[in-house]
1. Could you tell me how many of the residues in the range 219-241 are in contact with a strand residue (DSSP E or B) (Cβ under 6 Å, 6 or more places away or on another chain), over 15 Å from GLU34 (Cα atoms) and assigned to a helix (DSSP H, G or I)?
2. Just checking, which of GLU325, GLU302 is open to solvent by 80 Å² or more (accessible area, probe 1.4 Å) and in a helix (DSSP H, G or I)?
3. Which one of the conditions (1) open to solvent by 10 Å² or more (accessible area, probe 1.4 Å); (2) closer than 30 Å to GLY156 by Cα; (3) within 15 Å of the ligand (Cβ to nearest atom) does LYS85 fail to meet, given that it meets all the rest?
4. Determine if the range 92-110 includes at least one residue that is in a helix (DSSP H, G or I) and surrounded by fewer than 17 Cβ atoms within 10 Å (Cβ to Cβ).
5. With VAL20, VAL36 as the choices, which residue is within 11 Å of the ligand (Cβ to nearest atom) and among the β-branched types (Val, Ile, Thr)?
6. Please determine, by comparing only the residues of the range 184-211 that are crowded, with 22+ Cβ neighbours inside 10 Å and within 16 Å of the ligand (Cβ to nearest atom), which one is nearest to the chain's Cα centre (by Cα).
7. Determine which single condition SER42 fails, assuming it passes every other condition in (1) closer than 26 Å to ILE240 by Cα; (2) without any contact (Cβ under 8 Å) to a residue 40 or more places away in the chain; (3) small (Gly, Ala, Ser).
8. Looking at ALA327, ALA292, ALA286, which is the one that is assigned by TED's automatic domain parsing to the domain that holds ALA235 and under 25 Å from the mean Cα position of the chain (by Cα)?
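The values are calculated or read from the model by the stated rules, or taken from the named source; none is laboratory data. Source: prediction; values computed, not measured. No Cβ is skipped: glycine too gets one built from the backbone with ideal geometry, and neighbour counts run over all protein chains shown. Ligands, DNA and RNA are stripped out before the accessible areas are found, and what is left, the full protein with its side chains, is counted by its heavy atoms. Shrake-Rupley method; radii C 1.70, N 1.55, O 1.52, S 1.80 Å.
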Amino acid sequence: MTLLDITELKTYYRADDGWVRATDDVSLSIDRGETVGLVGESGSGKTTLAKSIIRLLPDNAEVVDGSIDFDGTEVTELSNRELRKQIRWSEISMIPQNAMNGFDPVYTVGEQIVEVITYHEDTSKAEARERARTLFDDLGVDPDRVDDYPHQFSGGMAQRAMIALALALSPSLVLADEPTTALDVVIQDRILETIKELQEELNSAMIMITHDMSVVSETCDRIAVVYGGRIVEIADAETIIMNPRHPYTLGLRNAFPDISDDDQELISIPGTPPDLVDPDDGCRFAPRCPFAEEECWEVTPEPESYGDGHAVECHRADEIEHLQEEAGKKET
Ligand code: ATP
């Protein structure tokens, strides 16, 4: 059953030199309990999409078009008060990239979690505090640390505390924005596993934002590949990993290690991400695409369906296997 239905969303930032088209015509639907990965390089618009959903955009951002239907409620039309009361934290929560910035330095972490719980639920402070302690325990943090201030936490602990806050009200949707990039690799795996376990226990849906293909391949049911403010390819995780059709997805896949293969050569994608200030027509990946032809420079590709929810925005997606074979022959 559909929980979130985003249609043709455009979220732009006002900048000195024009509009930054950070989310540009994005449609995405997510079912209850489903985990969808948003993967793409830095600056592709992943965070902007997440912040549009939970309405935490900075002042210079504007949703200029499109709709975000969350369980029958049009999020773009809610007042700030309705949003705080009905949606934020209780129904949709976000684990930000840098948890430390998410906490107020003058209150203990426990006080802040209790505040969020009691604002939304008819629960006593003592009960809310007990819930915070249990969540800390589940996340591998000493429950007594609920009485600490944010600055007393290490990066890893702050991230776990933010996960506790994000899950405290059993939201239907969790937006996890690079939840582990600030942490060291060993802790990363453990935290990802914990998020996944708790999310499954609560049957929350999740959008997992990352630039790391191996993270989404392990944790997500479906993967949406984001480039230049658009979803350029979306499908179930296996299809994206095994049979991608967009040249950018192919590039991303080759830029990340297969954890089971130590000898695999990593090839980064040449070129730089597009400037999103008033971009020209045409495919935004064309300047970096080894297969771009005239049409790609002139006409913006629309999503084409390849069955089973697999959609690709590429003029040459039909030919991708042949193009890859030809490219392989040239290399050898
Ligand atoms: P990262 O992984 O680095 O966070 P991202 O894929 O999440 O990248 P966004 O942070 O959504 O990308 O940024 C998308 C585009 O919007 C980029 O071109 C970025 O420079 C621009 N942008 C982001 N925030 C603002 C802002 N407050 N004002 C103007 N432009 C912005």
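1. 1
2. Numbers: GLU302 fails: in a helix (DSSP H, G or I).
The unique qualifying residue is GLU325.
3. Condition (3) is where LYS85 drops out.
4. Taking every residue of the range 92-110 in turn, at least one turns out to be in a helix (DSSP H, G or I) and surrounded by fewer than 17 Cβ atoms within 10 Å (Cβ to Cβ).
5. VAL20
6. ILE209
7. It is condition (2) that SER42 fails.
8. ALA286
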